[in-house]
Structures are given as C-alpha cells and as structure tokens.
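S.K.: Starting off with a structure, shown below.
The values are calculated or read from the model by the stated rules, or taken from the named source; none is laboratory data. Predicted model only: the values in this text are computed from it and were never measured. Quick reminder, even Gly has a Cβ in these numbers, built from the backbone with ideal geometry, and neighbours come from all protein chains shown. These area figures cover heavy atoms from the full protein model, side chains too; ligands, DNA and RNA do not enter into them. Shrake-Rupley method; radii C 1.70, N 1.55, O 1.52, S 1.80 Å.
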Amino acid sequence: MSTARHLATIDLLCARPFPAARAGSGTGTSGPGYHLAELASGESFWEDDGSRRAREAEQYEAECAALATVLEARWGEPQLFSLWSTRVRGAEGEEIPDPWRELSDGMAHAHLWRIGDRWLAVGVSTQGEVHPFQLLAAVTDIDPP
C-alpha cells in the first residue's frame, strides 16, 4: 500500500465532477453527488485459521491511520464518524443515500473532513469474516446522515 498513491487518488476524487448517474470508474463507483474509491483491497480469508486475518486487520488499520495523519496535516483534525447507527437505520428500512449506505455496509467508523462544499471519508471496510479488508475513500457533497 502506498500513501502517496492513495493521496493522488483522493486528490483526483476531490477535483472530479460528480456524474449524473451511477457508474463505475477507474477507482470504484461514482454517482450523483459522490465518488467512492477502493484505495486498497486484500484477499479473502476462506482458508485462513484466523491468524492472517488478525495481521491484515492491523495492517489496514495502520495504513488508514497513516493516511489520516497526512490528511490531517492538510485539512485539520478529522471527526471520527460512527457508521453503526447508519447501518441500523438502513436495515430498519430508512433510505440512506450513497455513498453513506455503501460505507455503512462494512465500515464501523470513518475519518471525516469537511473540505469546502464536500466531505471526505476514509476508513477500513470488511463485509464479514471471510471477505477481504478494503481501504476506502469517499468524496461527496451529500451530508452524513
């Protein structure tokens, strides 16, 4: 994983206009009011005894913390935004807008900055015990729910 590469992707997302309709992009998905990028992704844990998962969890959290430190130098201290209630509200039928719905599907919390009229969220996602970790970044003009 490369913090410099992650920063370049985030800079691209911050500068890029939002599309009129949901579509794939070179870094992930974009839609009206947002870009969502997978900065890094591991491998699944189908054959793991639990030891590799623990090591990768530490690795992804450390990479996220390093990226957050660099972003903090640029844009100040982030909010640590819990996505737990967003996930629960979505599961109960509330309409949660993307990218917040997608982030809350696998991310417990995100580092969150307000940059002009946009939000930047960065965090580690996992969809379950056997699915790979992902370092994700979202840039959006949609306020957090």
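S.K.: Between Arg74 and Asp11, what is the spin-label point distance in nm, taking each point 7 Å from the Cα along the Cα→C-beta axis?
M.R.: It is 0.8 nm.
S.K.: Please give the calculated 222 nm ellipticity per residue for the chain, where each DSSP H segment of at least 4 residues contributes -39500 (n - 2.57) and the sum is spread over every residue; nearest 500 deg cm²/dmol?
M.R.: My calculation for the chain gives -11500 deg cm²/dmol from helical runs alone.
S.K.: Put a dot 7 Å past each Cα toward the Cβ at His109 and Glu61; how far apart are the dots in nm?
M.R.: Using points 7 Å along Cα→Cβ, the separation is 1.1 nm.
S.K.: Let me ask something else. Determine the per residue accessible area of the chain with all protein chains present and a 1.4 angstrom probe, expressed in square angstrom. Could you put the intermediate results ahead of the total?
M.R.: Working: 7400 Å² over 145 residues.
On a per-residue basis, 51 Å².
S.K.: Along the charge dipole of the chain, which of Gly116, Thr3, Ala40 sits closest to the positive end, that is, farthest toward it, with unit charges on the beta carbon of Lys, Arg, Asp and Glu (+1, +1, -1, -1)?
M.R.: Looking along the dipole axis, the top candidate is Gly116.
S.K.: What FRET efficiency, computed as 1/(1 + (r/R0)^6) with R0 = 41 Å and r the Cβ-Cβ distance, is obtained for Glu92 and Asp141, rounded to the nearest 0.05? All intermediate terms of the calculation are to be shown ahead of the outcome.
M.R.: On the way: r = 26 Å, r/R0 = 0.63.
The computed FRET efficiency comes out at 0.95.
S.K.: Figure the gain on full extension for Ala23 and Arg52 (residue separation times 0.36 nm, minus the Cα-Cα span) and round it to one decimal in nm. Let's see the in-between values first.
M.R.: On the way: separation 29, 0.36 × 29 = 10.44 nm, distance 3.34 nm.
This chain segment gains 7.1 nm when fully extended.
S.K.: Along its principal axes, what span do the Cα atoms of the stretch 62-106 show, with the longest given first and each in whole Å?
M.R.: So the three principal-axis extents are 38, 19, 15 Å.
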